[in-house]
Amino acid sequence: MIETKRFEPYEGKPDKERLLAAFRRKPVDRVPNWEVLIEDRHVEKMLGRFAGNTLAFGGDPAKGIVDTEVVRPMKAKDYVDICNIIGQDAMIIESIWTPYKREDENGKLVQVADRSIKNIKDFRKLKKPDQKDIDRVLKYIREYKEATEGTKIGVTVLFGCLSQTFYEFMVGMNDFMMACYEDKPFIEEILEDSTEYLIEFCKAIVSESVDFIWPADDIAFKSGLFLPPKFMKEMWVPRMARIMEPALDAGIPVMFHSDGKLDEIVEDLIEMGVNCLNPMDPYGIDYRDYKKRYGNRLCLSGNIDIEFPLSKGTPEDVEKDVRQHMEVLKPGYGYVAGSSHSIVNYIPYENFVTMINAIHKYGRY
Amino acid sequence: MISIKTTVIYNISKEVLDKLFLKERRPKVVAIMEDIYSATLKGNYKEIASLVKKALGEGIDIKTIINEGLSAAMIEVGDRFSTGELYIPDMLLSAKTMKEAMALLKPLIKGDKNIASKGTIVIGTVKGDVHDIGKNLVITMAEGRGFKVVDLGIDVDYSVFVDAIKKYSPKIVGFSGLLTTTLANLPEHIKAIEDAGLRSSVILAVGGAPVTRDFADRYGIEIYAPDASIASKEFVKAVEK
């Protein structure tokens, strides 16, 4: 009989060393479980109180740019409780989108999200991200660090959307993609400018002793990269490598996030120093194939499909899927279990509970 | 790609003879059509206008220019995009090339029943979803196949789809969504169309990363496509039924 109502007791308290060891493909007591986002209805069921979602309180930055004066990361105490309930080894502070701003009609500085930046001239009129934007995140890191004192729960920051901030919010997908071929100076300038900020950002969070860094940039969909590998190797790879460098120099592991099929760029990510690849989008990646090809060089994370079994399957389907993932990905260490995207409200709570319980059951070494 | 045939005909009008003469495809005609195909395939939008003018000057009819040059090339673009040989900018440049050509040809097409649009498609990303990569690619491919596409944008409310159906009388209504969480709004979209009494007048289509054939069947959606190229082929099949 599968337990679907409550999270069962698990072995091994939340411990960032477990996660870091998994990233480095070293022995662990159990496969870590990891979710970037647990949405508010699940959180409320878990805590018995409203607490927002695990990336934010007061808004939803996972769905778009939010007003950072209104929206903040989940309150530290709530997140510590979440980690203890499900055995997650670290808490995440969201700083996904690079904050370029302009004044609105009231003179207030707001992040650009209207896809109106079409050329260098438009870009140079914007207010660039600065130390204030970094300080805002550092404040939350300190808050989280204080709240986790006496525990072994770690802290990381989700950041670094080098291209996605532009194509999703500032330039627009079609115009950004066309400009990659037709207006390279524009693309070079915006990527370079963003890179310089993100390097400073990374240096700052490393100085604040985050336990690992989590750069995220959606660069592919289910059939492959958005842009040709040649372009990516020239324009994106060196910049993302520079962004990660402060962490790698400090010996801090790197988990990298992108949706989609990443076959054409995985070797570059490994060469850059990425330790763990997340979330292994099941619509582009076969986890068995990736384990064979990269399992001895890369920690693999995610892949339990939020459509099926998590949203549309039964608890039996969920448990079976977790077990199948474990059979392939657990041997040899280097596996961080979790969903292929996030625990959205649409996923039945019973399936979320089943997934976590199954990860703990089948993930013991 | 372009075949050359010879036929012996008796008692034929000058008009038909002219068309037959073109059907024999003089080498110059073949060369121009190949250039149009190639320019579209490679996304050479700066050259296409002069090539189209050249084609018209050689007496090549508009339907041939579109079907055997522009659209045929877009079909290959879509196929090569599906297999990962071409990337998003390649597809966009080819689409831009076709658009440039169509801008020249459209004024000449008006009223020509032989070159009717395949119909109108209304498309948008479902309520709550802000992703539009897939939707924009579908639009590119559908226009390449001769459809008129009305883009409703992202995070489209139920009533906006309904109003668009009333305004544009589309043959096909397409829903795009990236997340299971937002595709969960699809039943409400369909219900809104049903409540407005419009369901039987449209063919529904759905696409997006988590979408499957089962998902489409579950909600009675006629067209499901895993990528933009297949979507445009399915649209053509659906309207030609």
**Fill in**
Checking B:Tyr168, B:Tyr158 in turn, the sole residue that is in the same structural domain as B:Ala205 (by TED's automatic domain parsing), at pLDDT 90 or above, out of contact with any helix residue (DSSP H, G or I) (no Cβ under 8 Å at 6 or more places or on another chain) and not acidic (Asp, Glu) turns out to be B:Tyr168
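Quick grid of which residues meet (1) assigned to a helix (DSSP H, G or I); (2) closer than 19 Å to A:Asp175 by Cα:
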position: B:Glu76; (1), (2): yes, no
position: B:Asp79; (1), (2): yes, no
position: B:Leu105; (1), (2): yes, no
position: B:Gly124; (1), (2): no, yes
position: B:Lys127; (1), (2): no, no
position: B:Val160; (1), (2): yes, no
**Fill in**
Per the list (1) within 14 Å of chain B (Cβ to nearest Cβ); (2) touching a strand residue (DSSP E or B) at 6+ places or on another chain (Cβ under 8 Å), residue check on A:Asp114 breaks on (2)
**Asked** Quick check: is even one residue across the range A:220-236 over 29 Å from A:Glu17 (Cα atoms), modelled with pLDDT of 95 or more and in contact with a Lys or Arg (Cβ under 6 Å, 6 or more places away or on another chain)?
**Response** no
**Residue ID - modelled with the highest pLDDT, chosen from residues in the range B:180-196 that are more than 25 Å from the chain's Cα centre (by Cα) and within 11 Å of chain A (Cβ to nearest Cβ)** = B:Asn185
**Request:** Those residues that are at pLDDT 95 or above and in a loop (DSSP other than H, G, I, E, B), I need them from the range A:80-97; list them, please.
**Result:** A:Gly87, A:Gln88, A:Asp89
**Request:** Go through (1) crowded, with 19+ Cβ neighbours inside 10 Å; (2) closer than 17 Å to A:Asn278 by Cα; (3) away from chain B (no Cβ under 14 Å); (4) out of contact with any Gly (no Cβ under 7 Å at 6 or more places or on another chain) and name the single condition A:Ile96 misses.
**Result:** (3)
**Among the candidates B:Ser71, B:Ser50, residue that is at pLDDT below 90, assigned to a helix (DSSP H, G or I) and more than 14 Å from every other protein chain (Cβ to nearest Cβ)** = B:Ser71
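Results for (1) in contact with a Phe, Trp or Tyr (Cβ under 6 Å, 6 or more places away or on another chain); (2) closer than 20 Å to A:Phe166 by Cβ; (3) within 14 Å of chain B (Cβ to nearest Cβ), shown as yes or no for each residue.
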site: A:Met232; (1), (2), (3): no, yes, yes
site: A:Arg239; (1), (2), (3): no, yes, no
site: A:Asp249; (1), (2), (3): no, no, no
site: A:Pro253; (1), (2), (3): yes, no, no
site: A:Val274; (1), (2), (3): yes, no, no
site: A:Pro279; (1), (2), (3): no, no, yes
**Message:** Exactly one of these conditions fails for B:Ala205: (1) under 17 Å from the mean Cα position of the chain (by Cα); (2) modelled with pLDDT under 95. Give me its number.
**Reply:** (2)
**Request:** Scan the range A:127-147 and give yes if some residue there is at pLDDT 95 or above, in a loop (DSSP other than H, G, I, E, B) and closer than 28 Å to A:Val336 by Cα, otherwise no.
**Result:** no
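Determine if the range B:138-154 includes at least one residue that is on the phi > 0 side of the Ramachandran plot and of a type in the set (Ser, Thr, Tyr). Write out each step before concluding.
Taking the range B:138-154 as the starting set, the residues that turn out to be on the phi > 0 side of the Ramachandran plot are B:146, B:153.
Going one step further and asking which of them are of a type in the set (Ser, Thr, Tyr), we end up with none.
No, that holds for no residue.
From the list B:Gly207, B:Gly177, which one is touching a residue at least 12 places away in the same chain (Cβ under 8 Å), within 12 Å of chain A (Cβ to nearest Cβ) and in contact with a His (Cβ under 8 Å, 6 or more places away or on another chain)? Lay out the reasoning, then the answer.
Values: B:Gly207 fails: in contact with a His (Cβ under 8 Å, 6 or more places away or on another chain).
Being touching a residue at least 12 places away in the same chain (Cβ under 8 Å), within 12 Å of chain A (Cβ to nearest Cβ) and in contact with a His (Cβ under 8 Å, 6 or more places away or on another chain) holds for just one of B:Gly207, B:Gly177, which is B:Gly177.
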**Request:** Collect the residues in the range A:281-332 that are out of contact with any Asp or Glu (no Cβ under 9 Å at 6 or more places or on another chain), surrounded by 18 or more Cβ atoms within 10 Å (Cβ to Cβ) and within 14 Å of chain B (Cβ to nearest Cβ), keeping them in residue-number order.
**Result:** A:Ile306, A:Glu307
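The values are calculated or read from the model by the stated rules, or taken from the named source; none is laboratory data. This structure is a prediction, so every number in the text was calculated from the model and none was measured. FYI the Cβ positions are ideal-geometry reconstructions off the backbone, even for glycines, and counts take in every protein chain you see.
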